[in-house]
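**Q** Structure in structure tokens, see below.
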Protein chains: 2
Amino acid sequence: MILCDIGNSTLDWYINGIRSKQRIMDFNPSEHTEQIYYISVNSKLSSVLKAYDNWCDIANLVDWNKYYPTMGIDRVMVCEAISEGVIVDAGSAITVDVMHDGHYKGGFIALGLKSAQEAYAKLSPALSESFNFEVDLTIMAKNTPDAITVGFLAPLIDKINSLGKPVYVTGGDSVVLSQLLCDAIVDDLLVFKGMIKLIEKGQLC
Amino acid sequence: MILCDIGNSTLDWYINGIRSKQRIMDFNPSEHTEQIYYISVNSKLSSVLKAYDNWCDIANLVDWNKYYPTMGIDRVMVCEAISEGVIVDAGSAITVDVMHDGHYKGGFIALGLKSAQEAYAKLSPALSESFNFEVDLTIMAKNTPDAITVGFLAPLIDKINSLGKPVYVTGGDSVVLSQLLCDAIVDDLLVFKGMIKLIEKGQLC
């Protein structure tokens, strides 16, 4: 089975269990003749792919009554992968979503680690510090790097832990963030696992 | 008594109980002959004021062993105003500090409301939404404006409430933020109250 997660600058392929990246500028859909299942946040490329019968948009297999219309398709996929738990996708934004017995219970969107650090730096040169991932998030800070780290991460981590469900973490910052969460499971294939689940239970293209 | 809180673009005066603002560009220190107590985050102007005997820098009255060297002087002042409680200064950043029995217990720095919304907007046009201050922060969101509001505010508000002390809120976004906090007291004069306390107990210049 060939899966493809299409972003704005790269394609993330998952072909028979092997993952690889490709730049959009190096991509030509007509080079592929096999059946390919994809999701896309790239509206321009999505329009192009509609002309190809072998490219199947997984968004058409989603029961959108479970979610909301403007919810990102990546977020829907990681939710589809898990029937019970909190799913944290730590990328440019950090999305946190709750699934209960296969039903979507809602979620929220925090800033990503890089985005938050850039926003602090923009406020003042004094706040242009890297987060200190060694800090104890349970205590109040007494220096600037710890104060911004605790200020951004402690409320977020407390909130995720308070949801009282198993936590699954995926995305580029999954390892860093999982170290701060209680018993979190890192799984960087969640988006593809969600796609596979939908393909298996849904109508094929 | 004449107090002045000097920022990078404005001076915030407090003269015999009356508050007024002045642009830095309209300010000439030699026009003032009275004794003036000030704090300043404007290092250029601070250097100029050292030449004037009637301008007394309150930072010199602070017992810096209680705080940390890079802590903003505005933050120190609002802490000096309160001997027991959590002080939230909701400005360009949101600083949260804990005082217990007159001792500083540490704190943290979150992004300000405007700064956070700008950071979301920078991530994606889809996240370029205003916060919805009517949202119920205790439940997970099912639309984009609520998802970013809950994502930024719910963890922060929960964290502040969890500190288990009376909450005092000051700064430009004090009213908006106080409405989300349990029994918070809005006091936009905290910085001046801290200055007065230090002047009364400290060495005069």
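**Q** Which one of these is buried (at least 23 other Cβ atoms within 10 Å of the Cβ) and at pLDDT 95 or above: B:ASP136, B:ASP89, B:ASP158?
**A** Of the residues listed, the single one that is buried (at least 23 other Cβ atoms within 10 Å of the Cβ) and at pLDDT 95 or above is B:ASP89.
**Q** Also, quick follow-up: For segment B:154-176, give me the residue count where each residue is touching a residue at least 24 places away in the same chain (Cβ under 8 Å) and over 13 Å from the mean Cα position of the chain (by Cα).
**A** 9
**Q** Got a sec? Which of A:ASP136, A:ASP97, A:ASP188 is over 26 Å from B:HIS103 (Cβ atoms), in a loop (DSSP other than H, G, I, E, B) and not hydroxyl-bearing (Ser, Thr, Tyr)?
**A** Exactly one of A:ASP136, A:ASP97, A:ASP188 is over 26 Å from B:HIS103 (Cβ atoms), in a loop (DSSP other than H, G, I, E, B) and not hydroxyl-bearing (Ser, Thr, Tyr), namely A:ASP188.
**Q** Of the conditions (1) surrounded by fewer than 19 Cβ atoms within 10 Å (Cβ to Cβ); (2) modelled with pLDDT of 95 or more; (3) of a type in the set (D, E, K, R), A:ASP97 satisfies every one except a single condition; which number is it?
**A** Failing condition for A:ASP97: (1).
**Q** Could you please let me know if B:VAL175 is farther than 28 Å from A:ILE160 by Cβ and among the aliphatic types (A, V, I, L, M)?
**A** Against the criterion (farther than 28 Å from A:ILE160 by Cβ and among the aliphatic types (A, V, I, L, M)), B:VAL175 qualifies.
**Q** On to the next question. Tell me which residues, restricted to segment A:182-194, are more than 14 Å from the chain's Cα centre (by Cα) and buried (at least 18 other Cβ atoms within 10 Å of the Cβ).
**A** A:ALA184
**Q** Which condition does B:LEU156 not pass, out of (1) within 7 Å of chain A (Cβ to nearest Cβ); (2) over 17 Å from A:GLY151 (Cβ atoms), if it passes all the others?
**A** (2)
**Q** Any idea how many residues of segment A:4-25 are assigned to a strand (DSSP E or B) and of a type in the set (Gly, Ala, Ser)?
**A** Of the residues in that region, 1 qualify.
**Q** While we're on this one: Scan segment B:24-79 for residues that are farther than 20 Å from B:GLY171 by Cα and charged (D, E, K, R) and jot them down.
**A** B:ASP26, B:GLU31, B:GLU34, B:LYS44, B:LYS50, B:ASP53, B:ASP57, B:ASP63, B:LYS66 - these are the residues of segment B:24-79 that are farther than 20 Å from B:GLY171 by Cα and charged (D, E, K, R).
**Q** Please enumerate the residues belonging to segment B:23-73 that are of a type in the set (Ser, Thr, Tyr) and farther than 25 Å from B:ILE109 by Cα.
**A** Once the filter is applied, which keeps residues that are of a type in the set (Ser, Thr, Tyr) and farther than 25 Å from B:ILE109 by Cα, segment B:23-73 yields B:SER30, B:THR33, B:TYR37, B:SER47, B:TYR52.
**Q** Looking at segment B:41-66, which of the residues that are among the polar types (S, T, N, Q) and away from chain A (no Cβ under 14 Å) is nearest to B:MET1 (Cα to Cα)?
**A** Out of the qualifying residues, it is B:ASN54.
**Q** Of all residues in segment A:86-105, which are within 12 Å of another protein chain (Cβ to nearest Cβ) and of a type in the set (Gly, Ala, Ser)?
**A** A:GLY91, A:SER92, A:ALA93
**Q** Let me ask something else. Evaluate the following for B:LEU181: is it touching a residue at least 40 places away in the same chain (Cβ under 8 Å), in a loop (DSSP other than H, G, I, E, B), more than 8 Å from chain A (Cβ to nearest Cβ) and not basic (Lys, Arg)?
**A** Yes: the conditions hold for B:LEU181.
**Q** If the requirement is being within 16 Å of A:ILE94 (Cα to Cα) and facing another protein chain (nearest Cβ under 7 Å), which of these qualifies: B:THR149, B:THR144?
**A** B:THR144
**Q** Please work out if A:ALA119 is closer than 19 Å to B:LEU123 by Cβ and of a type outside the set (S, T, N, Q).
**A** Against the criterion (closer than 19 Å to B:LEU123 by Cβ and of a type outside the set (S, T, N, Q)), A:ALA119 qualifies.
**Q** I need the full set of residues from segment B:67-85 which are more than 10 Å from every other protein chain (Cβ to nearest Cβ) and either within 21 Å of B:GLN179 (Cα to Cα) or surrounded by fewer than 19 Cβ atoms within 10 Å (Cβ to Cβ) (or both), in order please.
**A** Matches in segment B:67-85: B:VAL78, B:ILE82, B:SER83, B:GLU84, B:GLY85.
**Q** Out of the residues in segment B:112-133 that are out of contact with any Lys or Arg (no Cβ under 9 Å at 6 or more places or on another chain), facing chain A (nearest Cβ under 8 Å) and without any contact (Cβ under 8 Å) to a residue 24 or more places away in the chain, which is surrounded by the most Cβ atoms within 10 Å (Cβ to Cβ)?
**A** B:LEU127
The values are calculated or read from the model by the stated rules, or taken from the named source; none is laboratory data. All values derive from a computational prediction rather than experimental measurement. Positions of Cβ are generated from backbone atoms using ideal geometry, with glycine treated the same way; all protein chains shown enter the neighbour counts.
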